[in-house]
1. In nm, give the distance between the simple-model label positions of Asn401 and Tyr416, each being 7 Å from the Cα along the Cα-to-Cβ direction.
2. Accessible area per residue, 1.4 Å probe, Å², for the chain: what's the number?
3. Build a GNM of the chain with springs between Cα atoms under 10 Å: which of Lys55, Lys358, Lys11 gets the top mean-square fluctuation?
4. Have a look at the DSSP beta bridges in the chain and tell me what percent are antiparallel, nearest 5.
5. Anything over 21 Å Cα to Cα? Flag those among Lys132/Lys218; Lys22/Lys89; Lys22/Lys187; Lys128/Lys155; Lys11/Lys358; Lys80/Lys128, in the order listed.
6. Simple spin-label model, 7 Å along Cα-to-Cβ: Arg159 to His364 in nm?
7. Restricting to Cα pairs below 8 Å that are 6+ residues apart, what does the relative contact order work out to for the stretch 22-109? Please round to a whole percent.
8. Counting only protein heavy atoms and using a 1.4 Å probe, what share of the accessible area of the stretch 191-241 belongs to carbon plus sulfur, as a whole percent?
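The values are calculated or read from the model by the stated rules, or taken from the named source; none is laboratory data. What you see is a predicted model, and the numbers here were worked out from it, not measured in a lab. Here the Cβ is made from the backbone with ideal geometry for all residues, glycine too, and neighbour counts use every protein chain on show. Please note that ligands, DNA and RNA were not included when accessible areas were found on the heavy atoms of the full protein model with its side chains. Shrake-Rupley method; radii C 1.70, N 1.55, O 1.52, S 1.80 Å.
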Amino acid sequence: MDRFIIHGGKKLHGTVHISGSKNAALPILVATLLTDEPCVLHRVPNLRDVRTTLKILEYLGKKVEYKDNTATITADGTLKNTLPYELVKQMRASFWVAGPLLARFKTAEIPLPGGCAIGVRPVDIHLKGFEKLGAECETKAGNVILRARELTPAKIVLRFPSVGATQNLLMCACLIPGETVLENVAKEPEVDDVIAFLNKMGADIRQGEKGQLIVHGKTALHGAEHTVVADRIETGSYVLAACATRGDVTVSGCVPEHNSILWEDLQEAGFTLDIQKDAIHVLPYEGAIKPVRVRTAPYPGFATDLQAPWMTLMTLCDGTAEVDEDIFENRFMHAPELVRMGADIVTEKSVARVTGVKELSAAHVQASDLRGGMALVIAGLCAPGETEVERVYHIDRGYENLEQKLTALGADIRRYNPDKNEF
Ligand code: UD1
């Protein structure tokens, strides 16, 4: 298993270019199941979760070509309507094939995704929505079996604006003739990107005056070409790494308005940001980092995926900052590892109280999830000396060319495989 060896204490400087969004690319790849016609997707990041999704599409019967961040998905005979647990357990988002498969075949059998490091993560909102659309949902031997004699348009009010459920139900509703209305939906930019792609495929999805999504279902969708939106979580992560190392970094090829809350919080903490149309420049800052309280919330609130990297920044603040995690129930796994690096963090239920220290110290730490892993990498970049971050495979799920991008910014980070004793 790969590790990162980081020699920290260097300020990042230079320009880093942002990749396509993982969380948009995954559902967009899944949406290609809604047609047999070819779909061409650009700016698809080369990440472990993307490769898992491509394997899923191949398993289901699609032909996949993936080169230089462009994925071309074509149909190769008939599609299967079931997935093995082996593929679902690697990535929870695999469950999202349920919507398109149900819409196309009126039946699908998908293993129920289990919990994961950050929480229980049930799929009840997805299933309730499918039931409203006329499907019967049964759980048997760990699988969810979805069946419908006929799917019918419906009005669905989500009990929580789940990103995955919004996307899954949208994909299903696109192939149900008539008007489906989804209320209390997720408003994340990744959802907008999925909607843009579905509409290019011939779907008719509009936003109503109260933010509801109105879908006029069609009998068939066609192939389409699309470029995936920039990754706002990668953007935020590099900006936080720049701030934490007191660097001078331009993050280019991004959509700054997708991180508005983060920019406000960073400015409140003392940093100066030059926010441009498709780039953001973190200016050098040597003053005290003021403690700023953040509370994670559905978009446009503070992104739960940036909570861990934010916490690393606050370990260096002048005072005590609170971090409230209100989306996932177990998303502080990075906190004890940061404490091993000298941070002062006390967690109680969904609140972490982070009291700033003068300096983090290098240590041997372990990533337990994707974004928590990035928090440890940023801590390693700040801490003078050698930090070793184990279980890099978590981080590989979501950051394309991480060590190359950080090296180009002047960081000293290397990937090491202890089994092969190879850098
Ligand atoms: C997506 C993102 C993930 C991000 C999260 C929240 C992808 C691949 N992943 O995950 O990076 O952290 O949005 O922004 O896009 N919930 C239920 N029942 C359901 C569905 C969700 O209780 O049926 C709960 C979850 O357990 C969680 C909360 O709702 O506590 C948010 O989950 P959701 O928005 O669905 O996140 P994902 O789509 O899984």
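1. Result for the modelled spin labels: 2.5 nm.
2. 40 Å²
3. For the chain, modelled as a Gaussian network with Cα springs under 10 Å, the answer is Lys358.
4. 75 percent
5. Lys80/Lys128
6. 4.5 nm
7. Value for the stretch 22-109: 31 percent.
8. Here it works out to 47 percent.
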